[in-house]
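S.K.: Sharing a structure, written as structure tokens. Questions coming.
The values are calculated or read from the model by the stated rules, or taken from the named source; none is laboratory data. Values in this document were obtained by computation on a predicted structure and should not be read as measured data. Glycine also receives a Cβ, built like all others from the backbone with ideal geometry; neighbour counts cover every protein chain displayed. Calculation scope for accessible area: heavy atoms of the full protein, side chains included, ligands and nucleic acids excluded. Shrake-Rupley method; radii C 1.70, N 1.55, O 1.52, S 1.80 Å.
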Amino acid sequence: MAVKQTAGRRDLGDFAPKFAQLNDDVLFGEVWSREDKLSLRDRSIVTVVALLSQGLTDSSFQYHLMTAKKNGITKTEIAEILTHAAFYAGWPKAWAAFRMAKEVWKEEVEGDARQQHENAMVFPIGAPNDGFAQYFIGQSYLAPLSASQVGIFNVTFEPGCRNNWHVHHGDQGGGQILVCVAGRGYYQEEGKAAQELHPGDVVNIPAGVKHWHGAAPDSWFSHLAVEVPGKNCSNEWLEPVTDEVYSLLK
Ligand code: MN
């Protein structure tokens, strides 16, 4: 997808139309847009370090810091990038860059963590899962992805959030498949040890099995919930996963 840039034409379109066109159409429209060759995130790192090394900590540097944040660079990562670059580019240049980076990444840590989680997956977090809130401890979110043939929902859990013990009932099929897409979470069947879940993990939950799923205490977590077709399908919601049980998890 082409990166859209209009700053060249906006600021220099009348004065230097060729420069404006090269800036907007070639540098951004062609080079920055080669996402299949190098990600926007990586291009942001290259650009920030290249500008820093020249001591160009001006408004264009601020623009590139904001772009780096939008492209998924976290507060922790920019601090590490600038610290690393300081040894090669020069200590005072890093100081100047840090003053600007502090402003760009000053939002609350919680907002950053949620944004970072959303950036880590291709599916949206969706809306607060109010319809099922009574069966969850903590805040969860729901994004319907498929509403026909087979129901598929992206379910996101904030750190510490988990659903109650429950059973997916059904005949000739039924049950649920979880496909983990981002963060770190847990799945537990009654009478068994909890199983840690990471992106790419798939859990097959047969109909009739009592279980719960949710986030790790210190991580956001998202899984797709696939409703396996069957006859007489229904969900039975049971008791919450107590702090005693949940606190045993790491
Ligand atoms: Mn379930």
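S.K.: Please go through the stretch 2-72 and write out the chymotrypsin sites (Phe, Trp or Tyr not before Pro) that DSSP classes as loop and that have at most 16 other C-beta atoms within 10 Å.
M.R.: Phe15
S.K.: Using a Debye calculation, one point per C-alpha and no hydration shell, please list log10 I(q)/I(0) for the stretch 1-107 at q = 0.17 Å⁻¹ in order.
M.R.: Summing over Cα pairs of the stretch 1-107 leads to -0.82.
S.K.: Extension gain Leu238-Asp112, at 0.36 nm per residue separation less the Cα-Cα distance, in nm?
M.R.: Here the segment from Leu238 to Asp112 would lengthen by 42.0 nm.
S.K.: List the aspartates and glutamates whose Cα lies under 20 Å from the Cα of Lys210, skipping any in the same chain that are fewer than 8 positions away.
M.R.: Partners within reach: Asp171, Glu189, Glu190, Glu196, Asp201, Glu227, Glu236, Glu239, Asp243, Glu244.
S.K.: Let me ask something else about it. Sequence-distant or interchain residues sharing an amide H contact under 5 Å with Ser219, placed H: which?
M.R.: Those qualifying (amide H under 5 Å, at least 5 residues apart or on another chain) are Gly160.
S.K.: Also: In the calculated pair distance distribution of the stretch 119-192, what percentage of Cα-Cα distances lie above 21 Å?
M.R.: 31 percent
S.K.: How would Lys102, Lys93, Lys18 line up by accessible area, probe 1.4 Å, largest first?
M.R.: Putting Lys102, Lys93, Lys18 in descending order of accessible area: Lys102, Lys18, Lys93.
S.K.: Go through Ile152, Trp165, Gly200 and say which Cα lies farthest out towards the positive end of the charge dipole of the chain; charges sit on Cβ, +1 for Lys and Arg, -1 for Asp and Glu.
M.R.: Most positive-ward Cα: Gly200.
S.K.: Spelling out what I want: for every residue of the stretch 21-34, take phi, set θ = phi - 60°, compute 6.51 cos²θ - 1.76 cosθ + 1.60 (Karplus), and round to whole Hz; glycine and proline get x.
M.R.: 5, 5, 4, 6, 8, 9, 4, 8, x, 10, 6, 4, 7, 7
S.K.: Output the relative contact order of the chain, whole-number percent, from Cα pairs under 8 angstrom with separation of 6+ residues.
M.R.: Relative contact order comes out at 15 percent.
S.K.: If you don't mind, there's one more thing I want to ask. Here is the link list: Lys37/Lys75; Lys69/Lys102; Lys4/Lys106; Lys70/Lys93; Lys70/Lys102. Which ones come out longer than 19 Å on Cα distance?
M.R.: Beyond 19 Å between Cα atoms: Lys37/Lys75; Lys4/Lys106; Lys70/Lys93.
S.K.: What does the helix-only formula give at 222 nm for the chain: each DSSP H stretch with n ≥ 4 adding -39500 (n - 2.57), the total divided by the residues, and the result rounded to the nearest 500 deg cm²/dmol?
M.R.: For the chain, the value works out to -9500 deg cm²/dmol.
S.K.: Would you kindly calculate the translational diffusion coefficient of the chain, applying Stokes-Einstein with the Kirkwood radius from alpha carbon pairs, for 37 °C and a viscosity of 0.692 mPa s, and quote it in µm² s⁻¹ without decimals?
M.R.: The diffusion coefficient I find is 156 µm²/s.
S.K.: Would you work out the charge dipole size for the chain about its Cα centre, treating the Cβ of every Lys and Arg as +1 and the Cβ of every Asp and Glu as -1, and quote it to the nearest 20 debye?
M.R.: The dipole magnitude comes to about 800 debye.
S.K.: Here's a follow-up. Treating only the Cβ of Lys, Arg, Asp and Glu as charged (+1, +1, -1, -1), what charge dipole size does the stretch 30-171 show about its Cα centre? Round to the nearest 20 debye.
M.R.: 440 debye
S.K.: Let me ask another. Along the charge dipole of the stretch 7-111, Cβ charges K/R +1 and D/E -1, which of Gln21, Ser53, Asn71 sits furthest on the positive end?
M.R.: Ser53
S.K.: Given Leu82, Ser39, Trp105, which one lies farthest toward the positive end of the charge dipole of the stretch 7-111, if we put +1 on the Cβ of every Lys and Arg and -1 on the Cβ of every Asp and Glu?
M.R.: The Cα lying farthest towards the positive end belongs to Leu82.
S.K.: Determine Rg/Rh for the stretch 127-246; Rg is computed over alpha-carbon atoms and Rh is the Kirkwood hydrodynamic estimate from the same atoms. Could the numbers behind the result be given before it?
M.R.: Numbers: Rg = 13.2 Å, Rh = 14.2 Å.
Expressed as Rg/Rh, it is 0.93.
S.K.: Determine the dipole magnitude for the stretch 92-206: charges of +1 sit on the beta-carbon of Lys and Arg, -1 on that of Asp and Glu, nothing else is charged, the reference point is the Cα centre, and the result goes in debye to the nearest 20.
M.R.: 440 debye
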